[in-house]
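> Okay, here's the structure, questions in a sec.
Here, each number is a calculation from the coordinates, and none is a lab measurement. In this text, all values refer to a predicted model and were calculated from it rather than measured experimentally. Positions of Cβ are backbone-derived with ideal geometry, glycine not excepted, and every protein chain shown enters the neighbour counts.
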């Protein structure tokens, strides 16, 4: 890939919908993950890798490059470190699993940074919608299932603090959409 000239490839409707749907499948299936002892992490990783592979192959086919900045270099070095750390692992299965989990973060960055704007917009809308549905479920738990969950609601996550952190991640998506809006007064709608 060319790191010097950074261009975004053109996009169609399939591109704009496949990536958000794959990432929503990954997000939805990861909510029920209860550790590395089960195979429930497979749909989450498959969704992330499918969306990333789709975008990366599209970028390679159209000749779009990646930004050649210091952040990209450090993410690539992090990826390289994760790969090298597999060689001295005493528990290869767990190390490989966490290589896939932690390695998906730079992979998502490298695939989404070159994605067309319509893909990024629909992905942000999809993530925001998924977090909105989860927030509605949290309100339903609090107001209607108070006897079952108490004041510290957490379903489908195991810990109420994890649910709060997940809602705070939606704040950054909302701030990014607001900052990217051309008209700040109507972007609140």
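> Can you tell me the relative contact order of the chain? Whole percent, Cα pairs under 8 Å, sequence separation 6 or more.
26
> Now a separate question. As an exercise, use a Förster radius of 45 Å and the Cβ-Cβ distance of residue 80 and residue 174 to find the FRET efficiency, rounded to the nearest 0.05.
Efficiency, rounded to the nearest 0.05: 0.85.
> Between 79, 137, 88, which gets the highest mean-square fluctuation from a Gaussian network model of the chain, Cα cutoff 10 Å?
Looking only at 79, 137, 88, the biggest GNM fluctuation is shown by 88.
> Do the sum for the chain: with -39,500 (n - 2.57) for every DSSP H run of n ≥ 4, divided by all residues, what is the mean residue ellipticity at 222 nm, to the nearest 500 deg cm²/dmol?
That calculation yields -23500 deg cm²/dmol at 222 nm.
> Calculate, for residue 94 and residue 40, the FRET efficiency according to 1/(1 + (r/R0)^6) with r their C-beta to C-beta distance and R0 25 Å; round to the nearest 0.05.
About 0.95, to the nearest 0.05.
> Let me ask something additional. Can you bin segment 44-84 into rounded, prolate or oblate? Criterion: square roots of the alpha carbon gyration tensor eigenvalues sorted a ≥ b ≥ c, rounded for a/c under 1.5, prolate for a/b above b/c, oblate for the rest.
Cα axes put segment 44-84 in the oblate bin.
> Compute the Cα gyration tensor for segment 79-131, then decide on rounded, prolate or oblate, letting a ≥ b ≥ c be the square roots of its eigenvalues: rounded whenever a/c is under 1.5, prolate when a/b is larger than b/c in the other cases, and oblate in all that remain.
It is oblate, given that a/c is not under 1.5 and a/b is not larger than b/c.
> Here are some values of Rg and Dmax of the Cα atoms in Å: [x] 20.6, 63; [y] 18.7, 58; [z] 19.3, 72. Which one was computed from this structure?
The value matching this structure is [y].
> Using a simple spin-label model with points 7 Å from Cα along the Cα→Cβ vector, what separation in nm is obtained for residue 14 and residue 70?
In this crude spin-label approximation the distance works out to 4.2 nm.
> Here's something else I'd like to know. Is segment 78-170 best put as rounded, prolate or oblate by its Cα gyration tensor, with a ≥ b ≥ c the root eigenvalues, rounded for a/c under 1.5, and otherwise prolate when a/b is larger than b/c, oblate when not?
oblate
> Related question: Relative to a virtual label point 7 Å from the Cα of residue 135 in the Cα→beta-carbon direction, which members of segment 147-176 show backbone nitrogen distances below 11 Å?
Within reach of a label on residue 135: 167-175.
> Okay, moving on. Given the Cα-Cα distance of residue 181 and residue 117 and 0.36 nm per residue of separation, how much length would full extension add, in nm?
21.8 nm
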